[in-house]
Every structure is written in C-alpha cells, then in structure tokens.
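Report on the following structure.
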Amino acid sequence: MKQNRLITLLPSTDVDLGRWLLQHSGVSYREEPNAPVFHELVFWMWRAPASRYILFVPEKGKARYSGVDDILTYLQTVPGFDQGLIPDPDREPDEHFEVMDLQHYARSTIGDELDRWCYYHLLQNRKAIWPSITTGVPLYQKAGVFVGMPVIRRLMNYALKLNAKNAQEALQHTYAGMERIDNMLSDGREFLVGGRLTLADFAVAASFAPIVLAQGYQGMLPNQAICPPEMVPVIQKMRESPTGRFIQRIYDQYRPVQSIASHERGVTEPLNSVEERRAA
C-alpha cells in the first residue's frame, strides 16, 4: 500500500523540525532514515540535494519536497495545517517578519553551530553517537558504519571542519543564541512571538534541542550518562536556563510521543487534531 515517505538524515535538527511540522499538521508518513555519509548516495538517487537532509514524497502525484521550506509550502495546502504558525504578512507584517527571522536564525545560524559542537564531541565516543546515526537505517548502512566508522569520522571532520578551536567557537555562538532567547523570555511570555504558538517556537526548540538533550526529540539523542564528560556541564547549564526550560516545555506540550519501536519501523501516525496534539 502506498504511503507518504520521508527520506532523512536521522539526527539532523532540521529533520526533526520537518517531522514535527508534518505530525502537527496530521500528516502520516513512513520515515526512511539514513546514516551520515550514506545519506549522500540516497539523496543523489532521489535527485535531491543532500544538504537539506530531508525529502518528503507524498503518496499521490509526482511532487517531491526537499527541505523544511519546501515541506512548509506543501503543508500550507493540506486541511490540517495550523495557519497560525506563520503570521499573515499582510495582516501581521511585524509578527511575520519576527517569526521568519527567528526561525531562520535558529536553523541556519544556531543549528549549524550546534551541529559542529555536538559532532566534534560525539564522534569521539562510538557508544554515544551510535543510536543517533544507526537507528532504523538500512542494514547495509548499519554494517557500513560498524566497519567504516574511522573513515566516516574523518569524512565528517573534514566536511564540517571539526576541531577543538571550531567547536569552542561554535559553543560561544550557541551561548549567544541562548542569551537572545533568554532575553525574549524574560518578560514571562509563553511563546516567542505574537502570544501564540508559531513556527519560531518549533524552530528554536528543534534547533537547540541537542544542547539540552530534549526529551521528545526524534533524532535519537544520546543519554547524558554516556555523553563525553566535556559535554555534561554544558548540557546541565543549558537545561537550567530559561531557554532550556522553554525548549522542553514546547516538546512536552506540542510533540506527539513516538516510541523507539515505532521509529525502528519508520511509521509515524500523528494525533488527529490540533487539540489532541496540544493535550499530548
């Protein structure tokens, strides 16, 4: 039986945002996750840019949606899409600008920097990184990662320019991003923009999730107990910050629960209504 397909690089923060938006909109799909490096081949076979890490293939028609922005374009045509996520540029121009600016900052600036910091540390610890790069991937990829981890580590170190200096600079950029969000939350607001749930809330939560090991993130983040010791105090500090608490609250209140078993099968059946999802 045909069904919507989601081709992904499993641990990516943009991928988790894409999953979240599909689930929030009531769109079911079968995820086909891929391990780092191997995803390049898979996306090439789909004739899609691997740099976007996520490809949505609807069961009907020949259209394909590559990246979060394309998926958002698709979702705005489905009945279950929460139109309030993106303020109308004509009726709410200021809110629209702020939401789009924040989501772009979270994904393109903080997301990239945080990836660099996380991968630098986690790639040095096979046990910590293993679930994030192999859960649900094809058997040949899991075997390839098992045998070729040293090569994959070198390729990723080269592609992402991973070294101690760049990792520390990335962490400082992340701290600056957390401070920006902390300042926004300092007035006691529940949501970042316009007094309601928007794309900015989802994007900030997903993009910053790895630095607080957010519960509910579906990219298989490691347990803190097996993280490299250099990461632990940073994670604990960030969890206790206003932004860290905000991230976990958004996941707790607005992210449908998915078990590891269902992730292994790749099937995601989101809740049926916005009200049910918000009560989850």
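The values are calculated or read from the model by the stated rules, or taken from the named source; none is laboratory data. Just so it is clear, the structure is predicted and the values come from calculations on it, not from any experiment. Heads up, the Cβs are rebuilt from the backbone with ideal geometry, glycines too, and the neighbour counts pull from every protein chain shown. Only protein heavy atoms, including side chains, enter the accessible area calculation; ligands, DNA and RNA are left aside. Shrake-Rupley method; radii C 1.70, N 1.55, O 1.52, S 1.80 Å.
So the values come out like this:
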read-out	value
The chain: DSSP helices with Cα axial extent of at least 15 Å and average Kyte-Doolittle hydropathy no lower than 0.5	139-160, 199-212
The range 92-140, accessible surface, carbon-and-sulfur percent (1.4 angstrom probe)	54 percent
Efficiency of FRET from Cβ geometry, residue 4 and residue 51, R₀ 25 Å, rounded to 0.05	0.65
Inter-probe distance in nm under a simple model that places probes 7 Å from Cα toward Cβ, at residue 155 and residue 94	4.9 nm
The range 111-187 shape via C-alpha gyration tensor axes, a/c threshold 1.5	prolate
GNM result for the chain, Cα springs below 10 Å: residue of 201, 88, 14 fluctuating most strongly	88
Spatial separation of Cα centroids for the range 1-49 and the range 218-240, in angstrom	25 Å
Total formal charge among the other residues, if their Cβ is under 12 angstrom from that of residue 178, Lys/Arg +1 and Asp/Glu -1	0
Accessible area per residue in Å² at 1.4 Å probe, computed on the chain	47 Å²
Taking N as its residue count, the alpha carbon Rg of the range 6-113 over 2.2 N^0.38 Å	1.11
Kirkwood Rh and Cα Rg combined as Rg/Rh, the chain	0.94
Area of residue 165 that stays accessible when all protein chains are in place (1.4 Å probe, Å², to 10)	130 Å²
Ranked order, 95, 31, 230 - accessible area, probe 1.4 Å, largest first	230, 95, 31
Residue among 42, 151, 204 with the largest mean-square fluctuation in a Gaussian network model of the chain, springs linking Cα atoms under 10 Å	151
Max mean-square fluctuation residue, GNM over the chain, Cα-Cα springs under 10 Å, options 200, 143, 35	143
With every protein chain in place, the range 1-79: carbon and sulfur % of accessible area (1.4 Å)	52 percent
